[in-house]
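Input: a single structure, listed below in structure tokens.
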There are 2 protein chains.
Amino acid sequence: MSKTISKQHTSIGIVGFGAFGQLAARYLTAHFAVAAYDPSSAVASMAQRLGVRLTSLHDVAQADIVLIAAPVSSFEQVVEQIAKACNPGALIIDVGSVKVGPAEIMRKLLPGHVDIVATHPLFGPQSAANGLKGLKIAVCPIRGNRHTRLAAFLRKSLGLTVIVTTPEDHDRETAIVQGLTHLIAKVLLRMGPLPTRMTTRSFDLLSEAIAMVQHDAPEVFEAIERSNPYAEAVRRRFFDLAADLSVELDAPLPSPARNEVLIGE
Amino acid sequence: MSKTISKQHTSIGIVGFGAFGQLAARYLTAHFAVAAYDPSSAVASMAQRLGVRLTSLHDVAQADIVLIAAPVSSFEQVVEQIAKACNPGALIIDVGSVKVGPAEIMRKLLPGHVDIVATHPLFGPQSAANGLKGLKIAVCPIRGNRHTRLAAFLRKSLGLTVIVTTPEDHDRETAIVQGLTHLIAKVLLRMGPLPTRMTTRSFDLLSEAIAMVQHDAPEVFEAIERSNPYAEAVRRRFFDLAADLSVELDAPLPSPARNEVLIGE
């Protein structure tokens with residue numbers, strides 16, 4: 001394969017220069033010539049600060065490596081546009097919270113002469129605040145074999161922990177991991193401001209977990225809950241178990257409490 | 001006041017030598033002569049290891065300071081026994097996850113010649129694994145003014161963060177803090193083993209929070225959910241909001257998702 005992932009001359013085109021596209025650029029400019037496309041003009045100053053050239057979608061799609069950081073809502077149109085402009089031998093990578101659907105769209109719409117790797121960085125700007133070291137990223141090979149070289153780059157150059165998996169296994173596991181986290185965060189946020197004074201360590205951890213996802217774009221929640229084919233079953237299970245518990249707690253005590261000591265945890 | 005909290009000769013009697021009574025003894029033996037009562041004989045070796053004299057409830061109840069670390073289920077009988085044996089000028093302290101009920105029982109059953117302070121250490125053996133420094137304890141003055149000297153001891157000698165409050169304010173706040181933590185932990189535990197591979201930082205925090213309470217005695221959950229007068233309302237609110245969210249997620253997308261970038265957080 002002529003293309004290599006870590007020579008300065010290799011070009012990367014980022015489609016969608018929002019929170020995540022910008023986070024990616026912050027680390028990729030050291031290794032690649034980075035250009036980006038975003039429908040919003042609000043990103044211009046940030047692009048300049050990061051040394052990223054803003055250009056058209058068609059132009060960005062002609063890079064050696066195309067990184068799709070667009071929202072699920074516009075994912076299919078974006079891939080259609082890239083399909084028209086991308087060069088033979090290009091590597092197309094997406095980053096998104098769900099993988100089954102997007103992987104299928106890329107496989108279907110992108111020409112056979114490009115390689116495809118579907119990824120999901122299991123972090124965002126918040127958890128990457130202190131650097132990428134040790135953070136996790138799921139990598140799903142879709143077409144071609146360049147995922148091995150990509151994985152090596154993510155591991156060695158960015159310090160990420162790489163989990164090579166399939167879109168199905170990814171979505172099955174994140175339906176629980178992200179589905180439950182966002183579901184619980186949503187419910188607790190609706191309960192209003194949470195106590196901060198008489199808190200236990202476990203409640204502090206719970207509050208911290210919620211704080212990490214509460215500022216995610218609404219699309220993230222929608223994508224996780226609606227676009228992940230396994231999310232509904234997990235959600236249903238959680239709500240059913242919660243309902244069962246609610247019934248149990250409304251009923252009188254099943255058996256006389258055993259004579260154990262009450263811990264204040 | 002003749003009694004002072006921190007002379008070696010001052011005696012402390014711990015009623016209930018379970019997980020929490022033992023944790024307390026571990027720190028109190030350095031400051032007091034500690035005796036303990038527990039209906040179970042299984043605690044003998046631990047008592048010996050900690051240098052705690054095991055004796056009768058009547059004997060323990062005659063100490064200068066009586067620390068009630070008995071479960072809610074036997075709390076009232078225990079206080080009745082202490083009321084018969086306690087000495088004038090004694091300081092009676094309880095440690096439990098709820099305060100309104102126990103405080104009322106102590107105020108009602110204990111003789112007027114003893115001082116009473118209701119407390120809730122907002123931690124257990126798990127969160128105290130690395131010492132007490134900075135851990136929180138709620139202190140509710142019930143009778144007499146020795147809570148000030150007690151608070152000073154907890155702060156200076158044990159390094160705890162002391163929150164002086166009322167049983168009502170305590171229960172109102174912990175109904176959310178502990179009520180929600182244990183409720184969510186219970187539901188998630190019933191979902192079976194949680195993923196550990198493709199996890200986000202926020203999910204790791206959530207898992208850590210659950211791990212901290214999942215080994216608490218069943219009585220702790222029952223006490224928090226049933227004996228806290230404010231817990232049912234909080235619970236009901238959580239379940240109702242969860243049900244609302246469930247309905248919303250089953251309905252089609254309200255508005256076309258805005259063109260923001262999908263973050264993998």
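The values are calculated or read from the model by the stated rules, or taken from the named source; none is laboratory data. Since the model is a prediction, treat every value here as computed from it, not as a measurement. Backbone-built Cβ (ideal geometry, glycine too); neighbour counts: all protein chains shown. Each accessible area value is taken on the protein alone, full model and side chains, heavy atoms only, with ligands, DNA and RNA left out. Shrake-Rupley method; radii C 1.70, N 1.55, O 1.52, S 1.80 Å.
If a residue must be part of a loop (DSSP other than H, G, I, E, B) and modelled with pLDDT of 95 or more, how many such residues does segment B:11-29 contain?
Final tally of qualifying residues: 3.
I need the full set of residues from segment A:203-246 which are at pLDDT 90 or above and exposed (fewer than 15 other Cβ atoms within 10 Å of the Cβ), in order please.
A:233, A:236, A:240, A:244
Any residue in segment A:162-183 that is touching a residue at least 12 places away in the same chain (Cβ under 8 Å) and under 20 Å from residue A:150 (Cβ atoms) sitting within a Cβ distance under 8 Å of a residue that is open to solvent by 20 Å² or more (accessible area, probe 1.4 Å) and small (Gly, Ala, Ser)? List the pairs, counting only those 6 or more apart or interchain.
none
Just name the residue that is least open to solvent (accessible area, probe 1.4 Å) out of those in segment B:113-144 that are of a type in the set (D, E, K, R) and more than 10 Å from chain A (Cβ to nearest Cβ).
Taking the candidates together, the pick is B:115.
Quick grid of which residues meet (1) out of contact with any helix residue (DSSP H, G or I) (no Cβ under 7 Å at 6 or more places or on another chain); (2) in a loop (DSSP other than H, G, I, E, B):
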position	(1), (2)
A:63	yes, yes
A:67	no, no
A:79	no, no
A:82	yes, no
A:89	yes, yes
A:98	no, yes
A:101	no, no
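So if I check each of A:163, A:210, A:224, which one is at the interface with chain B (Cβ under 7 Å from one of its Cβ atoms) and either within 26 Å of residue A:132 (Cβ to Cβ) or of a type outside the set (S, T, N, Q) (or both)?
Selected residue: A:163, the only one of A:163, A:210, A:224 that is at the interface with chain B (Cβ under 7 Å from one of its Cβ atoms) and either within 26 Å of residue A:132 (Cβ to Cβ) or of a type outside the set (S, T, N, Q) (or both).
Surrounded by fewer than 22 Cβ atoms within 10 Å (Cβ to Cβ), among the β-branched types (Val, Ile, Thr) and closer than 18 Å to residue A:194 by Cβ: is that true of residue B:165 in this structure?
yes
Matching residues to (1) under 30 Å from residue A:235 (Cβ atoms); (2) out of contact with any Phe, Trp or Tyr (no Cβ under 6 Å at 6 or more places or on another chain); (3) in the same structural domain as residue B:27 (by TED's automatic domain parsing):
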site: B:84; (1), (2), (3): no, yes, yes
site: B:89; (1), (2), (3): no, yes, yes
site: B:103; (1), (2), (3): no, yes, yes
site: B:135; (1), (2), (3): no, no, yes
site: B:138; (1), (2), (3): no, yes, yes
site: B:160; (1), (2), (3): no, yes, yes
site: B:194; (1), (2), (3): yes, yes, no
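Does segment A:66-81 contain at least one residue that is among the small types (Gly, Ala, Ser) and away from every other protein chain (no Cβ under 14 Å)?
Checked against the condition, which is being among the small types (Gly, Ala, Ser) and away from every other protein chain (no Cβ under 14 Å), segment A:66-81 yields no hits at all.
Suppose we filter segment B:214-256 for residues that are under 27 Å from the mean Cα position of the chain (by Cα), without any contact (Cβ under 8 Å) to a residue 40 or more places away in the chain and assigned to a helix (DSSP H, G or I); how many remain?
7
Considering only residues of segment A:168-194 that are open to solvent by 10 Å² or more (accessible area, probe 1.4 Å) and at pLDDT 95 or above, which is farthest from the other protein chains (Cβ to nearest Cβ)?
A:168
Here is a list: A:52, A:15, A:98, A:79. Which entry is in contact (Cβ under 8 Å) with a residue 12 or more places away in the chain and open to solvent by 10 Å² or more (accessible area, probe 1.4 Å)?
A:52
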